[in-house]
Amino acid sequence: MATSAPIRLFQKVTPRWVIFAIEQLILLFAMCFSILAVSQITFIESHPSFLVNILLANAVISGTGMFIFKTYVGIIRYSELRDVHKITKFTLLQLAAWALIVFLIPDLFSRYKVGITIIGINAGLSTTLLVLFRVMVKEVYAIGVSNTTEKKERLLIFGANDIGVATNRVIEFDKSSNCEVLAFVDYDFTKIGK
């Protein structure tokens, strides 16, 4: 049964929107925690509308940064140093945007005792939580992939030298490969059993 183009597009894009929404919730939590850490609970009780405005502004700034750096794309494939670099650039952009807002509207923020401390805590916490989220997703995915009952391809690696050992390591650490190294084959008899 053929599916229509809009349905296929929706099915392809849906996981990215789920990741985007989860990341927005993480960033919302980071901002709330930052405000609570600096201002205590009395701030929220006495200025709820200001808190809502800050959280909405944070959602807009975060959403814009997420679209610029595409942090919601490739969460399984790129959960490594490149992804940490992307997240760091994103949170630095977010920090710069908030610093610009604090600089341009100093009266508003000084009146409510919201400043660079909250924004700094938010940037550090956002980076940490987004990296941990990616590591968690990648590990859950790896567990799901490793629990499959597919039969693995069995391989013999010709050459027990450095290149052969490096090839073995690549195959072992690549969770998506469906290969199992059985043995090394080499002309050098001194390498037997090592």
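The values are calculated or read from the model by the stated rules, or taken from the named source; none is laboratory data. In this text, all values refer to a predicted model and were calculated from it rather than measured experimentally. Don't worry about glycine lacking a Cβ; one is built from the backbone with ideal geometry, like all the others, and counts go over all protein chains shown. To get the accessible areas, we keep the full protein, side chains included, count just its heavy atoms, and leave off ligands, DNA and RNA. Shrake-Rupley method; radii C 1.70, N 1.55, O 1.52, S 1.80 Å.
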Aspartates and glutamates with Cα under 13 Å of Lys191, excluding same-chain neighbours fewer than 8 positions away: Asp162
The simple spin-label model distance between Arg154 and Leu56, using points 7 Å out along Cα→Cβ, in nm, is 6.5 nm
Where labels lie 7 Å past Cα in the beta-carbon direction, separation of Lys175 and Val131 in nm: 1.8 nm
At 7 Å along the Cα-to-beta-carbon direction for both Thr88 and Phe29, put a label point, then send me their distance in nm to one decimal. 2.4 nm
Sort Glu153, Glu80, Glu45 from largest to smallest accessible area, using a 1.4 Å probe on the heavy atoms of the protein chains. Glu45, Glu153, Glu80
Nearest 0.05, what FRET efficiency do Thr117 and Val140 give at R0 = 30 Å with Cβ-Cβ as r? 0.30
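What's the extension gain from Val18 to Asn161 if we count 0.36 nm per residue and subtract their Cα-Cα distance? List each step's numbers first, then the result.
Working: separation 143, 0.36 × 143 = 51.48 nm, distance 4.56 nm.
Value of the extension gain: 46.9 nm.
Largest first, what is the accessible-area ranking of Ile105, Ile26 with a 1.4 Å probe?
Largest accessible area first, the list is Ile105, Ile26.
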